[in-house]
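The values are calculated or read from the model by the stated rules, or taken from the named source; none is laboratory data. None of these values were measured; they are calculated from a predicted model. So basically every Cβ, Gly included, is an ideal-geometry build from the backbone, and we count neighbours across all protein chains shown. Heavy atoms of the whole protein, side chains included, go into the accessibility calculation; ligands, DNA and RNA do not. Shrake-Rupley method; radii C 1.70, N 1.55, O 1.52, S 1.80 Å.
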Amino acid sequence: MKLAGRVAVVTGTSPNIGGGIATGLADEGAKLVCVDIRPDYAEQCAKHIRERSGDAIAVTCDVTDDDQVRDMVQKAKDAFGGVDILVNNAVIFNQKGVLDMPLDEWDSQIGVILTGAFLCTKRVANLMIEQGTRGSVINIISTAGHQGQPGNVGYCTGKSGLLNFTRSVAMELAPHGIRVNSLTPTATDPSEAGELASEWGIDESGRRSGGPGEHFLRGVPMGKLPRPSHYARAAAFLASDDAEMITGMDLRVDAGAVARYWAWTP
């Protein structure tokens, strides 16, 4: 197993991308700290991992609150002795454009995506440096962070900001042996998330109802959308020694969506 004996913190562990990544890292041997502002997401994700013979704890945390982030990192240290891997995945989905998004909603969305990644990276990296850990930080982007999606200004802006946050922090932490990369998902096949939500006993029917529309499927060159388990395998690679010379890079698991020439319809 690629990550045996390592400790991973994953923020935003809903039964979709975050929960899928947490499960995949656990399947590769990592001990998991499942973090979410919703206690049911954190607890069900940790329970799911333990039921698969993994080791996991749940921590309820608002990633925009420095005191809560500090406490979350301390809980990870108390439970498992430290942190080797951080996956910054916490996000708010709020698809509104520049003309109609209220300022407080903009502040909230940008806060979770960018300030949350800043605080979690700051606290975890300081612990890694203190303990001499040659760790890995992975920031979850989106194809919306690479391209201009109308009516989704906060999400696009926050995710694109994470791209250069990744590069800047990668350069800062390289002398400490800490690698920082990003991973870009795209519109995601909803089947795995639906199965996981059902298994967790969580009703997700009102959240991003219906999943990606048919136009998303038509727009990807590979003709099918990735699943959370695809992202999990990519995250496990970035966190492992297989990627020991990779830092400051964005790994796209998007079925070719960003590379597609704008005028070409598959």
Inset, instruction - Return the calculated 222 nm mean residue ellipticity for the chain, to the nearest 500 deg cm²/dmol, obtained by summing -39500 (n - 2.57) across DSSP H runs with n ≥ 4 and dividing by the residue count. - result: -13000 deg cm²/dmol
Inset, instruction - Kindly rank 251-257, 103-109, 139-145, 152-158 from highest to lowest mean number of other beta carbons found within 10 Å of each residue. - result: 139-145, 152-158, 251-257, 103-109
Inset, instruction - Set the Förster radius R0 to 22 Å, insert the Cβ-Cβ distance between Asn164 and Ala259 as r into 1/(1 + (r/R0)^6), and round the FRET efficiency to 0.05. - result: 0.65
Inset, instruction - Using a 1.4 angstrom probe on heavy atoms only, work out the carbon and sulfur share of the accessible area of the chain in %. - result: 50 percent
Legend entry - Kirkwood hydrodynamic radius of segment 45-132, Cα pairs, Å: 14.6 Å
Legend entry - Per-peptide average of other Cβ atoms within 10 Å, ordering 12-21, 76-85 highest first: 12-21, 76-85
Inset, instruction - Hey, can you find the accessible area per residue of the chain for me, probe 1.4 Å, expressed in square angstrom? - result: 46 Å²
Inset, instruction - Extending each Cα 7 Å along its Cβ direction at Met222 and Asp203, get the distance between those two points in nm, one decimal. - result: 3.4 nm
